[in-house]
Amino acid sequence: MKQRILSKIKRWLPIRSVSRQGISRLTLRFGKRDLPSALGIGKKRSLATFQGLIADCVQAHGSIDVHFIVDDAVDDDDVYALIRFAHRLGCKTDVLISGVGVTEAVAERLLLCGTAWVWIPFGGVSSEVHFQSVGLSIEQSTQGLQQLLVSRQEVESSTKIGMLMPWVGQTPTQMDPLREWAEELGVDSWQPHLPYFGKDMANEPVPNHQHLNSLFQFVLQDSSVQPGWKRRQPWSCPVGKRRLEVSKYGRVCACPHKKPIVWEGETLSSLQSRLRDHRQEVHQCDRVCLHRELRFV
């Protein structure tokens, strides 16, 4: 396994482009705060096994985007090793954390391992609104965000730090003061953090984004208990063929709301072959789902 990975590093390290066909987004899930069932159960897959999967993806599709849903699991050494590995293969790496447990040591590891973006959810300037939308105290989130910003300056890292604003409850009403505070701190960008279920969307427009707001209207008009919103265009879900999500316990899917398969450590081609029924189910789905790594503004 080790020799196979090393040979692929040497062969594919110069690659920078992304293939127009096949997987363009690999999501590795180590946390479960946003969707507990998506982590699965079982034995944790090894670092070498995950490295082999990333190398297979790069060999087959070029330097893809690799997203790490880490949430609270910032003490997992494999996360940092995999970020560095993906970075060395020319992949853009985004890391989503909850903000919990971001000590000085954790912040420096995140900032010095090849991370392109670190994203933290923030629900508002009010302690009550923040807790209702994020599930953490505002003190925990603030400490994590500030530690990242301070450490970035100290280690002179080029990693970008972004804020995710959950578009639920009262958070949109606090967006303006929250953005102003974030800009004062030195946050590089903000994104609306869309819920998995359209029925949970806040009934508030995103300022200065007419196209995005027209899209939101479909969600706001959909009260279904199913994820996403009713598909009203003659195309299938955009993540069905382009997205691959693998959890640390080997739960594999394109969409976390469809029946997954279990990864046994086989090659990417074998994994893709076994995922055909799952992708066909996504293709035939009449919903369009929202996923944490999608960027809208």
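Starting from residues that are farther than 12 Å from Lys160 by Cβ and in contact with a Phe, Trp or Tyr (Cβ under 7 Å, 6 or more places away or on another chain), keep the ones in segment 93-122 and report whichever is surrounded by the most Cβ atoms within 10 Å (Cβ to Cβ). Ranking the candidates gives Leu96 first. The set of residues in segment 143-188 that are polar (S, T, N, Q), in contact with a strand residue (DSSP E or B) (Cβ under 9 Å, 6 or more places away or on another chain) and under 22 Å from Asp72 (Cα atoms) comprises Thr159, Thr171.
Tell me which residues, restricted to segment 31-49, are surrounded by fewer than 23 Cβ atoms within 10 Å (Cβ to Cβ) and of a type outside the set (D, E, K, R). Within segment 31-49, Leu35, Pro36, Ser37, Ala38, Leu39, Gly40, Ile41, Gly42, Ser46, Leu47, Ala48, Thr49 meet the criteria.
Within segment 151-168, the residues that satisfy the criterion of being more than 16 Å from Ile97 (Cβ to Cβ) and at pLDDT 90 or above are Gln153, Glu154, Val155, Glu156, Ser158. Every condition in (1) outside any loop (DSSP other than H, G, I, E, B); (2) farther than 22 Å from Val66 by Cβ holds for Ala86 except the one numbered (2).
Taking segment 142-166 as the range and being farther than 14 Å from Trp190 by Cβ, surrounded by 16 or more Cβ atoms within 10 Å (Cβ to Cβ) and small (Gly, Ala, Ser) as the test, the residues that pass are Gly144, Ser151, Ser157. Report yes if Gln51 is at pLDDT 95 or above and not in a loop (DSSP other than H, G, I, E, B), otherwise no. Here the answer is yes, as Gln51 does meet what is asked. Inside segment 95-109, can you point out the residues that are within 20 Å of the chain's Cα centre (by Cα) and in a loop (DSSP other than H, G, I, E, B)? Those that are within 20 Å of the chain's Cα centre (by Cα) and in a loop (DSSP other than H, G, I, E, B): Ser98, Gly99, Val100, Gly101, Val102. Identify, please: which residue in segment 227-283 is assigned to a loop (DSSP other than H, G, I, E, B) and among the hydrophobic types (A, V, I, L, M, F, W, C) and is, among those, farthest from Gly198 (Cα to Cα)? For segment 227-283, the residue satisfying everything is Trp263. Considering segment 75-90 alone, what residues qualify as being surrounded by 22 or more Cβ atoms within 10 Å (Cβ to Cβ) and under 15 Å from Lys160 (Cα atoms)? Ile83, the sole residue that qualifies. Taking segment 131-141 as the search range and keeping residues that are free of Cβ contacts under 8 Å to residues at least 40 places away in the same chain and over 18 Å from the mean Cα position of the chain (by Cα), which one is surrounded by the most Cβ atoms within 10 Å (Cβ to Cβ)? Filtering segment 131-141 for residues that are free of Cβ contacts under 8 Å to residues at least 40 places away in the same chain and over 18 Å from the mean Cα position of the chain (by Cα), the one surrounded by the most Cβ atoms within 10 Å (Cβ to Cβ) comes out as Leu136. Filter segment 48-61 down to the residues that are under 19 Å from the mean Cα position of the chain (by Cα) and of a type outside the set (Phe, Trp, Tyr) and list them by number. Gln51, Leu53, Ile54, Cys57, Val58 - these are the residues of segment 48-61 that are under 19 Å from the mean Cα position of the chain (by Cα) and of a type outside the set (Phe, Trp, Tyr).
Per-residue answers, yes or no, for (1) of a type outside the set (Asp, Glu); (2) at pLDDT 75 or above; (3) surrounded by fewer than 17 Cβ atoms within 10 Å (Cβ to Cβ):
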| residue | (1), (2), (3) |
| --- | --- |
| Gln170 | yes, yes, yes |
| Gln174 | yes, yes, no |
| Pro177 | yes, yes, yes |
| Gly186 | yes, yes, yes |
| Pro195 | yes, yes, no |
| Asn208 | yes, no, yes |
| Asn213 | yes, no, yes |
| Gln217 | yes, no, yes |
| Arg232 | yes, no, yes |
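Criterion applied to Asp72, Asp65 was being surrounded by fewer than 22 Cβ atoms within 10 Å (Cβ to Cβ), in contact with a strand residue (DSSP E or B) (Cβ under 7 Å, 6 or more places away or on another chain) and at pLDDT below 95, and the one residue passing it is Asp65.
Among the residues of segment 284-297, the ones that are modelled with pLDDT of 80 or more, touching a strand residue (DSSP E or B) at 6+ places or on another chain (Cβ under 8 Å) and either exposed (fewer than 15 other Cβ atoms within 10 Å of the Cβ) or part of a loop (DSSP other than H, G, I, E, B) (or both) come to 1 in all. Of the residues making up segment 110-128, those that are touching a helix residue (DSSP H, G or I) at 6+ places or on another chain (Cβ under 6 Å) and assigned to a helix (DSSP H, G or I) are Leu111, Ser127.
The values are calculated or read from the model by the stated rules, or taken from the named source; none is laboratory data. Because the structure is predicted, anything quoted here is derived from the model rather than measured. Note that we place each Cβ from the backbone using ideal geometry, even for glycine, and neighbour counts take in every protein chain shown.
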